[in-house]
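The values are calculated or read from the model by the stated rules, or taken from the named source; none is laboratory data. Given the structure is predicted, the values throughout are model-derived calculations rather than measurements. Note that each Cβ is placed from the backbone with ideal geometry, even for glycine, and that neighbours are counted across all protein chains shown. The area values use the complete protein model at the heavy-atom level, side chains included, leaving out ligands, DNA and RNA. Shrake-Rupley method; radii C 1.70, N 1.55, O 1.52, S 1.80 Å.
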Amino acid sequence: MKLLAGNSNKNLSQKISRFLKTRLVNSKIKKFADGEIYVEINENIRGNNIFIIQSISSPANDNLLEMLICIDALKRSSAKNITAVIPYFGYARQDRKVVPRTSISAKLVSNLITKAGADRVVTVDLHAGQIQGFFDIPVDNLFTTPIFYRHIKKRLKLNNLVCVSPDAGGINRTRGLSKILDVGLAIVDKRRPAPGKSEVMNIIGNVKNKVCIIVDDIIDSGGTIVNAAKMLKSKGAKEIHVYITHGVLSGDAVKRIKNSPIKNLVITDTIDNSKKINGAKNIEILSISNLLGEALKRISNSTSVSDLFK
Ligand code: R5P
């Protein structure tokens, strides 16, 4: 078993490597003056099982291409088996044609990863579970629910909690957490008048005097969550805590969250935000390195990954 780190999230790769007590493969990934990416593997990997760790986070196009070129380099270096470990699977939100004459980029990206030579994909909280079916190779989709569950149990009293889905698409995810916490469920009726813009129409369920836990897979501009938090407050919510796997945090998102009624936003390190959130007192990062490391160990030893979530 060998680990190769792409440039998107070196901190997470190093944590996984420490967990597995396996050093990262000696490699050189650089750019030519015109922006073309160059990858060189500087040690023998013939016959090895290789895990390349790379999130398709901003700059998404560079990070995606870097991963594809790494996979190609590994394949041409006679690696026995290549697993693309993609903590944040970018382009996943374009998983169907919402209006005519658009691309289904999630499918295109899946094709590119397979065509480049990956034998397996490991990812975390895919935007839509059915993206697994875009691949004809095995996909292990890991869940952050156990990490969030432990954090909530440690920090909050369960007797006054309600889990809130910020839109209809997130109901299953939110129901999963509300079920294991054994608390109620509320839903935000969100509309998207245009891509990147969100409007909250109403709240379905009782949130008055409740401590609300909003759960989502992605926070991008922060519009969805901040609008939901404001509406929850206007409906009498006592406190708002937010748990989101992927902190995309584009543009003014951090500022928007800092100035919002959100008491605490918890994200994971599928995307490296260590510099971006500097100084935001209501944003906390939990590491998924041990979960990913344990999953990679199990894949390498051919033992069950789903047992991790029982
Ligand atoms: C949408 O379906 C996703 O689950 C997120 O709710 C969305 O991507 C968040 O975007 P933003 O923070 O820009 O509102």
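Quick notes
- Taking amide H atoms as placed 1.01 Å from N in the peptide plane, the amide H of Leu249 lies under 5 Å from those of Ile219, Asp220, each 5 or more residues away in sequence or on another chain.
- Normalised by the number of residues in the chain, the average gap of Cα pairs under 8 Å and 6 or more apart makes the relative contact order 14 percent.
- The amide H of Ala237, built 1.01 Å from its N in the peptide plane, has Asn209 as neighbours under 5 Å, considering only residues 5 or more places off or on other chains.
- Ranked packing of 28-40, 198-210, 50-62, most packed first, by mean Cβ within 10 Å: 50-62, 198-210, 28-40
- Beyond 32 Å in Cα-Cα separation lie the following of the pairs Lys21/Lys75; Lys15/Lys263; Lys21/Lys107; Lys107/Lys154; Lys21/Lys153: Lys21/Lys107; Lys107/Lys154.
- Compared with the alpha-carbon gap, the fully stretched path from Glu40 to Ser58 is longer by 4.2 nm at 0.36 nm per residue.
- For the chain, built as a Gaussian network whose Cα springs stay under 10 Å, the top-fluctuating residue of Glu43, Glu294, Glu284: Glu43
- The chain - charge dipole about Cα centre, Lys and Arg +1 at Cβ, Asp and Glu -1, debye rounded to 20: 880
- Converting the Cα gyration tensor eigenvalues of the chain into ellipsoid dimensions via √(5λ) gives semi-axes, longest first, of 35, 21, 18 Å.
- A protection proxy built from the mean count of other Cβ atoms within 10 Å ranks the segments 222-233, 245-256, 97-108, most packed first, as 222-233, 245-256, 97-108.
- Rounded to whole Hz, the Karplus (6.51, -1.76, 1.60) HN-Hα couplings of the stretch 294-310, x for glycine and proline: 5, 5, 5, 4, 5, 5, 5, 8, 6, 10, 5, 8, 5, 4, 4, 10, 7
- Asp167 long-range amide H proximity, modeled H, under 5 Å: Val188
- A simple charge model with +1 on the Cβ of Lys and Arg, -1 on the Cβ of Asp and Glu and nothing else charged puts the dipole of the stretch 145-287 at about 500 debye relative to its Cα centre.
- Coupling constants for the stretch 209-225 follow from the phi torsions by the Karplus curve (6.51 cos²θ - 1.76 cosθ + 1.60, θ = phi - 60°), and in residue order they are 6, 9, 8, 9, 10, 8, 10, 8, 8, 10, 10, 10, 6, x, x, 4, 6 Hz; glycine and proline get x.
- Charged-residue dipole, Cβ positions (Lys, Arg, Asp, Glu), the stretch 43-171 about Cα centre, Debye nearest 20: 340
- Potential lengthening of the chain between Leu185 and Gln14 amounts to 57.8 nm, from the contour at 0.36 nm per residue minus the alpha-carbon distance.
- Highest average first, the peptides 77-87, 153-163 ordered by how many other beta carbon atoms sit within 10 Å of their residues are 77-87, 153-163.
- Accessible area per residue, Å², the chain with all protein chains present, probe 1.4 Å: 48
- Per-residue ellipticity at 222 nm computed for the chain from its helices equals -9000 deg cm²/dmol, with DSSP H segments shorter than 4 residues left out and the rest contributing -39,500 (n - 2.57).
- HN-Hα J in Hz across the stretch 274-286 - Karplus 6.51, -1.76, 1.60, θ = phi - 60°, x for Gly and Pro: 3, 7, 5, 8, 3, x, 7, 6, 9, 10, 10, 10, 9
- C-alpha long axis of helix 171-181 to longest principal axis of the chain, angle in °: 80
- Calculated on the alpha-carbon coordinates, the convex hull of the stretch 145-287 measures out at 99 cubic angstrom per residue.
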